[in-house]
Structures are given as C-alpha cells and as structure tokens.
1. How many of the residues making up the range 1-46 are more than 30 Å from residue 68 (Cα to Cα) and either modelled with pLDDT of 55 or more or not in a helix (DSSP H, G or I) (or both)?
2. Filter the range 159-179 for residues that are of a type in the set (Gly, Ala, Ser) and at pLDDT 95 or above; which is nearest to residue 37 (Cα to Cα)?
3. With the requirement that a residue be within 27 Å of residue 172 (Cα to Cα), part of a strand (DSSP E or B) and in contact (Cβ under 8 Å) with a residue 12 or more places away in the chain, what does the range 103-159 give you?
4. Test residue 57 against the criterion of being modelled with pLDDT of 90 or more and surrounded by 18 or more Cβ atoms within 10 Å (Cβ to Cβ), and give yes or no.
5. Run down 123, 178 and say which single residue is closer than 17 Å to residue 69 by Cβ, small (Gly, Ala, Ser) and in contact with a strand residue (DSSP E or B) (Cβ under 8 Å, 6 or more places away or on another chain).
6. Among what's in the range 64-84 and is of a type outside the set (Ser, Thr, Tyr) and touching a Gly at 6+ places or on another chain (Cβ under 6 Å), pick the residue that is surrounded by the most Cβ atoms within 10 Å (Cβ to Cβ).
7. Within the range 107-119, is there a residue that is among the basic types (Lys, Arg), closer than 25 Å to residue 65 by Cα and modelled with pLDDT under 95?
8. Kindly indicate whether residue 185 is exposed (fewer than 15 other Cβ atoms within 10 Å of the Cβ), hydroxyl-bearing (Ser, Thr, Tyr) and under 17 Å from residue 61 (Cβ atoms).
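The values are calculated or read from the model by the stated rules, or taken from the named source; none is laboratory data. Keep in mind it's a predicted model, so treat the numbers as computed, not measured. When we count neighbours, we look across all protein chains shown, and the Cβ atoms used for this are built from the backbone with ideal geometry, even at glycine.
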Amino acid sequence: MSIKQLFAGILSSLLLSSMAEAYLTMSESTEIPKAADYQVGVEPQFLTDNGGGTNITGFFDAPFNEATSSRLWLGAGTVDFNVGATMKYVPFPDIDNQPGIGFRAGGFFARRSTLNILTLQLATLFSKKVETNSGLWIPYAAVALDLTNTKDRNFTGSQVMFGTEFKTSELPSMYFGAEVGLNLSETFSYIAGTVTFPFDSSKGLF
C-alpha cells in the first residue's frame, strides 16, 4: 500500500466516524408529557467541526406512563436522510431538591450519499426545573454512547450534551430549547435549537 493510499484511508475513516452520527442529539429533559398529551417539534442542528453542515429534524413525542415516553425522529440535511425512535425512562423524577434522572435508548437509520448507517444510542440524562420571573427553565445534561455500524466499519462514539428548555405562560402553545453537544470520542460537536408544540390528543394541535 502506498503512502497516498494509506493517507486516503485514514482520512476517510476520520470523516466517516465524525459525520456518520452528525444527526444525533438529545433535545429533551427528563420531563414526561402528561397522559393523553402529545408533542411535535422541529430542531435545526448546526455542526461546528469537521467541515460544518446543517440538519433539520422533526419529532413526535408520546407518553406511555408517568415514567416513560417515546419519540419518533425524521430529518435531512448534511446527512441526506435519517429516521429513528427513542424510548425515555425516568425512574427518578424532578421532585423537591432531587433532580430528574433518566435513561434513553434508541435506534437510528441514516443515509449519506451511498452510505447506510445504523446507530444504537444509549444515554443517561439529568435535569432540574428552575422557576424564574421570565418563565420556567429546565437545564439538562446528558452523556451518550453511540454504537454505529456501516458496511466499512463498526465503531463506538461518545458525546456530552448540555441544554435547556424554556416555557413561558405568554406562549402556552409552544416552548423552546437550546443545546450544545461536545465530542468526547469518534463523534462531533454541534449547536441545536428546538421549538416544541404540546397538544391534547382530544383537541388536536390546532
């Protein structure tokens, strides 16, 4: 193997490992929607390393019980197409001085050019509600482990995410979020925002 071929292989591996997961975010706290309440939302994501890029993802949330909810994802952008499903379990809710502590597991399929990407994500999530004069802030932090498979290689990446949700009585039909993701190993860094629209299933979104 020539030095040129070796360099090209190393560069390809680095780009693959960083871009393959360039659509995975947390974008939620440990809060669980109330029974019969659902949520839809949109999330723009801006990649800050490995050449940058933008993804736009829509999501739908549904509760199962007081401790468990699910989310469906569908997006496109720098990653041509991605779809996924996650399940969040919060055995320790945010009560009194205790922060919310939960776990999330999910599977994702993505396609970038001709490359198919399968990822299993496992994450631990922490959050705490903070009431202020401006509204309710819910800062959160998460550590995620991403197990990714492609036809060329399998690898494990890790990220840490910091974000917050913000709810105000002046806009009861929506709330906002912001998040920063930092690369720990074989992933990427990004900035993301969300706009989420909760609705009662008996009344509909509009």
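1. 2
2. Start the filter on the range 159-179 by keeping residues that are of a type in the set (Gly, Ala, Ser), which leaves 163, 169, 173, 177-178.
Filter again for at pLDDT 95 or above, leaving 163, 177-178.
Values: 163: 23, 177: 19, 178: 22 Å.
My answer is 177.
3. The initial filter retains those residues of the range 103-159 that are within 27 Å of residue 172 (Cα to Cα), namely 104, 125-142.
Filter again for part of a strand (DSSP E or B), leaving 104, 125-127, 130-131, 136-142.
Matches in the range 103-159: 104, 125, 126, 127, 136, 137, 138, 139, 140, 141, 142.
4. Working: modelled with pLDDT of 90 or more: yes; surrounded by 18 or more Cβ atoms within 10 Å (Cβ to Cβ): yes.
So residue 57 passes the test.
5. Details: 178 fails: closer than 17 Å to residue 69 by Cβ.
Result of the check over 123, 178: 123.
6. Our first condition is that a residue be of a type outside the set (Ser, Thr, Tyr); within the range 64-84, this holds for 64-67, 71-77, 79-84.
Subsequent filtering for residues that are touching a Gly at 6+ places or on another chain (Cβ under 6 Å) retains 73-74, 82, 84.
Working: 73: 20, 74: 13, 82: 23, 84: 20.
Ranking the qualifying residues of the range 64-84, first place goes to 82.
7. Going residue by residue through the range 107-119, those that are among the basic types (Lys, Arg) are 111-112.
Of the ones still in play, those that are also closer than 25 Å to residue 65 by Cα are none.
No, every residue in the range 107-119 fails to be among the basic types (Lys, Arg), closer than 25 Å to residue 65 by Cα and modelled with pLDDT under 95.
8. Details: exposed (fewer than 15 other Cβ atoms within 10 Å of the Cβ): yes; hydroxyl-bearing (Ser, Thr, Tyr): yes; under 17 Å from residue 61 (Cβ atoms): no.
In short, no.
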